1. Could you check, for the range 81-96, whether at least one of its residues is of a type in the set (Val, Ile, Thr), modelled with pLDDT under 80 and either within 17 Å of CYS8 (Cα to Cα) or open to solvent by 70 Å² or more (accessible area, probe 1.4 Å) (or both)?
2. May I ask you to say which residue of GLU68, GLU108 is touching a residue at least 24 places away in the same chain (Cβ under 8 Å), within 11 Å of the chain's Cα centre (by Cα) and open to solvent by 60 Å² or more (accessible area, probe 1.4 Å)?
Amino acid sequence: MSASQLGCIIDDDDSLRAALVGLVRSVGHEARGFESAEAFLQSGAIDACACLVTDIQMPGMTGVELKEYLSARQIDLPVIMITGRPDPGLEEKARAAGAAGFMKKPFEASALIGYLDRALGSVSGQRSRDPICRVSRGATAVWRWRRMGWKFSTWSRNANSPCIPSSGGR
């Protein structure tokens, strides 16, 4: 994703939404968060948004319904869907709607970054050379679910080992 591309994050969980916006920004991109699909659609950000990351289960319009809404209006926006629920058939439903990616919470930040790189690479023709260990200057990140919410932990890389924990990174 080039610096001019905007990643839009939709999640009704304030802490996760803020964490995901922070992750996208930490890799040098613009990001904007929305509390619902309706808030995103009403914001006018759709024209500037290059990729969308959305929770599937939310009050009001779901992530799958949002993707179907966009597709019905010929809006070809890569949509990465995330969920904390292991409902049977949910991944198939998301993929059938045209999701560019599907992840179950908790997930590694590198997985999301990989999806972003693939989705936006198909839009811009560019791809990251190392999506797994490149969150910030040769580092990767891991999202850890804790009782208090999501925690962003960085992992650095050295010449002998790909992605080892940095000091204080846990």
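The values are calculated or read from the model by the stated rules, or taken from the named source; none is laboratory data. Please read these numbers as outputs of a predicted model, since none were measured by experiment. Methodologically, a virtual Cβ is constructed for each residue, glycine included, from the backbone with ideal geometry; neighbour enumeration extends over all protein chains shown. The protein model used for the area step is the full one, side chains on, heavy atoms only, and it has no ligands, DNA or RNA in it. Shrake-Rupley method; radii C 1.70, N 1.55, O 1.52, S 1.80 Å.
1. Initially, the range 81-96 is screened for residues of a type in the set (Val, Ile, Thr), giving 82-83.
This time we only want the ones that are modelled with pLDDT under 80, so: none.
Within the range 81-96, not a single residue is of a type in the set (Val, Ile, Thr), modelled with pLDDT under 80 and either within 17 Å of CYS8 (Cα to Cα) or open to solvent by 70 Å² or more (accessible area, probe 1.4 Å) (or both).
2. On the way: GLU68 fails: within 11 Å of the chain's Cα centre (by Cα).
None of the others qualify; the one that does is GLU108.
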